[in-house]
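Inspection log for the structure reproduced underneath, given as structure tokens.
The values are calculated or read from the model by the stated rules, or taken from the named source; none is laboratory data. On a predicted model such as this, the values are computed, not experimentally measured, just so you know. Virtual Cβ from ideal backbone geometry, glycine too; neighbours counted across all protein chains shown. In case anyone asks, the SASA skips ligands and DNA or RNA and just uses the protein heavy atoms, side chains included. Shrake-Rupley method; radii C 1.70, N 1.55, O 1.52, S 1.80 Å.
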Amino acid sequence: MIKVAIFASNNGSNFEAIVKYFKYSRNKKIKKYNLQFVLITNNKRAYVILRAKKLNIKYYIIENDKLDEFLLLNKFDLCVLAGYMKIINEKTLKHCVFINIHPSLLPHYKGIDAIKRIYKDNATNASGVSIHYVNKYIDGGEVIIQKQVKLDKNISYACYKRKVHLVEHKIYPKVIEKFLMSLC
Ligand code: GRF
């Protein structure tokens, strides 16, 4: 069995895209290994919990100070951060490989509200999505893949945001799949 924990604190559109991608995947190699997802959230009111219920995915609401204990008792092959609003400290990073998705071309626009800040600044050089390994620095680990998102001059903020998310939903499952294939 391959066990993957997805960490999300709010909306969870990436969580849903990842789970659905593998649900409908025809990748026989991974299917053979019985891939299991769980959701970890630190927000008991998060919308992502409803998504998990609908998708029949087991979820855990874990207080930030209980995460280490939880990961000691529950082993995962990969920990996927997808809108998880908590910095993962060095001690926690020792439990598993962590990857994260960030809506900018790193190292530009690290930190929260990157989409909004990029749009406001019309920062065309930073507009895109990065998936990276997690280290102790915020959005600072080694980049795995980056994809540019065109920031057109007259695009509305809502439209730009949707474009960024669509790219996220497309590339995150594929990066996860590649990683899992390397375990099989
Ligand atoms: C995404 O934009 C992701 O890049 C960032 O947090 C957002 C999460 O969105 N880290 P959602 O909860 O998956 O809809």
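Over all directions, what mean area does the Cα convex hull of segment 1-49 project, stated in square nanometres?
3.3 nm²
Taking springs between alpha-carbon atoms closer than 10 angstrom, which of L72, L39, L81 fluctuates most in the Gaussian network model of the chain?
L72
Please tell me which of these pairs span more than 21 angstrom C-alpha to C-alpha: K31/K58; K3/K23; K23/K91; K20/K58?
Checking Cα-Cα distances, K23/K91 exceed 21 Å.
Which of the GluC sites (Glu not before Pro) found in segment 80-184 are loop residues per DSSP with 11 or fewer other Cβ atoms within 10 Å of their Cβ?
E142
So what are the ³J(HN,Hα) numbers for segment 98-113, from phi and the Karplus equation (6.51, -1.76, 1.60; θ = phi - 60°), rounded to whole Hz, Gly and Pro as x?
Karplus-based 3J(HN,Hα) across segment 98-113 equals 10, 10, 9, 10, 9, x, 7, 8, 4, x, 6, 6, 5, x, 6, 6 Hz.
Of A158, A114, V134, which is farthest along the charge dipole of segment 113-184 in the positive direction, counting Lys and Arg as +1 and Asp and Glu as -1 at C-beta?
Of the options given, the answer is A158.
Name the residue, out of N34, N135, N43, whose mean-square fluctuation peaks in a Gaussian network model built on the chain with Cα pairs under 10 Å.
Maximum among the listed residues: N34.
So, taking all protein chains as they sit and a 1.4 Å probe, how much accessible area belongs to C96, in Å² rounded to tens?
20 Å²
Can you give the accessible area of D121, probe radius 1.4 Å, in Å² rounded to 10?
For D121, the solvent-accessible surface is approximately 90 Å².
Looking at segment 1-96, what % of the alpha carbon pairs are farther apart than 24 Å?
Tail fraction, whole percent: 19.
Helix-derived [θ] at 222 nm for the chain: sum -39500 (n - 2.57) over DSSP H runs of at least 4, divide by residue count, nearest 500?
-11000 deg cm²/dmol
Through the Karplus equation 6.51 cos²θ - 1.76 cosθ + 1.60, θ set to phi - 60°, convert the phi angles of segment 61-77 into ³J(HN,Hα) values in whole Hz; use x for Gly and Pro.
9, 10, 4, 3, 7, 10, 5, 4, 4, 4, 6, 6, 7, 10, 8, 10, 7
Hey, how many Å between the Cα centroid of segment 47-63 and the Cα centroid of segment 67-114?
If you average the Cα positions of each part, the centres end up 18 Å apart.
Rg to Rh ratio, segment 79-132, alpha-carbon atoms and Kirkwood radius?
1.04
About the Cα centre of segment 38-184, what is the dipole size in debye to 20, counting +1 per Lys and Arg Cβ and -1 per Asp and Glu Cβ, all else neutral?
I would put it at about 600 debye.
For the chain, what's the radius of gyration and Dmax over Cα atoms, in angstrom?
16.2, 51
Mind giving me the nanometre distance, one decimal, between the label points for C159 and E90, set 7 Å out from Cα along Cα→Cβ?
Label-label distance for C159 and E90, simple model: 4.7 nm.
Run the simple label-point estimate for V143 and V97 please: 7 Å along Cα→C-beta, distance reported in nm.
Taking the simple label geometry, V143 and V97 are separated by 2.0 nm.
Using Cα atoms only, what is the angle between the long axis of helix 157-183 and the major principal axis of the chain, expressed in degrees (0 to 90) to the nearest 10?
40 degrees
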